[in-house]
Amino acid sequence: MNRAERRALEREGQQVQQQIKTEEIKPKKSFKKYIIIVLVVILLLGSIFYFYSKGKGPGRYDGFVNCLSEKGVKFYGSFQCSFCQKQKAMFEKSAKLLDSKNVYVECGPLGNFNSQCLSSGVSSVPLWKIGNESLSGLQQLEVLAEKSECNLDNEKIF
């Protein structure tokens, strides 16, 4: 074997050793990736739990909605009506109670109201019926409280 062949063999040996060293380093990089992925998943699950538990508590106007229900107050609206959606949004987290306490009555698509709304004399929405009085359009909660004799804190006004 001559010198040139020996040098070539030595170079190949050095290249093989370098490849072995780089292969040994790779598992450490993937280990770091797994740690990062686990941390991201933990953060995501933690934030989901936080926001889920935050929305589970009672709403600010729950007592008010309960009083409206006890008084037989009805709020007629439509899913297509932007003012109806704004009216519901005024109740914040308590808006879900409007449906469950049968205060809110869904009339259906605009221009094609269901029989329940038509039989109640509803021709436009939003419409509030409090006793014998009808209030058309978007209403402030204070006005609803005054007309229904329900306080926003669920105490009757005398």
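The values are calculated or read from the model by the stated rules, or taken from the named source; none is laboratory data. Note that the structure is a prediction, hence the values are computed from the model and not measured. Cβ: placed from backbone, ideal geometry, glycine included. Neighbour counts: every protein chain shown.
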Unique residue being closer than 30 Å to residue 101 by Cα and at pLDDT 85 or above when the list is 46, 63, 57: 63
Output for segment 45-98, where each listed residue is among the hydroxyl-bearing types (Ser, Thr, Tyr) and buried (at least 19 other Cβ atoms within 10 Å of the Cβ): 61, 76, 78, 94
Breaking point among (1) assigned to a loop (DSSP other than H, G, I, E, B); (2) in contact with a strand residue (DSSP E or B) (Cβ under 8 Å, 6 or more places away or on another chain); (3) crowded, with 16+ Cβ neighbours inside 10 Å, for residue 124: (3)
